[in-house]
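Below you'll find the structure, written out as structure tokens, and then a few comments.
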Amino acid sequence: MEMRIFLTVGIIASLISAASAIRGSATFYTKYVPSACYGNQGQGVMIAAASDAFWNGGAACGKFFTVRCTGDHTGVPHPCTGASVTVKIVDHCPGCSSQFDLSREAFAKIANPVAGIIDIEYNQ
């Protein structure tokens, strides 16, 4: 009985998490410093630059987002690895058409970099 309750709660939590995810797209970049948020202070490699929609005058700096590839955006078959990645916003990507410009390492964790741009789901 306890196991059944535990499984039910787990399934409901997963559905709520999936339902709260927002769809978008992501690209990647390779030059991480200097950044708009932290100047020449490195922040590791699981990082991202925020598009204008998220930037909000720098208020996005330091926020964390979990990002998962959901599919192809440019014709590369099966780009997704099935993994998700949590990234820290460290930079601004003015004019980016995607929501996130991920570090190459973060992008490669969730998708084949050959794709260049992918469809994603994300949440904070």
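The values are calculated or read from the model by the stated rules, or taken from the named source; none is laboratory data. This structure is a prediction, so every number in the text was calculated from the model and none was measured. So basically every Cβ, Gly included, is an ideal-geometry build from the backbone, and we count neighbours across all protein chains shown. Accessible surface areas use protein heavy atoms only, side chains included; no ligands, DNA or RNA. Shrake-Rupley method; radii C 1.70, N 1.55, O 1.52, S 1.80 Å.
Brief remarks on what is shown
- Which numbered condition A111 fails, given (1) buried (at least 17 other Cβ atoms within 10 Å of the Cβ); (2) of a type in the set (A, V, I, L, M); (3) touching a Lys or Arg at 6+ places or on another chain (Cβ under 9 Å): (3)
- Within the stretch 39-72, being under 22 Å from Q124 (Cβ atoms), open to solvent by 40 Å² or more (accessible area, probe 1.4 Å) and outside any helix (DSSP H, G or I) holds for Q43, G44, V45, M46, A59, C61, K63, F64, T66, R68, T70.
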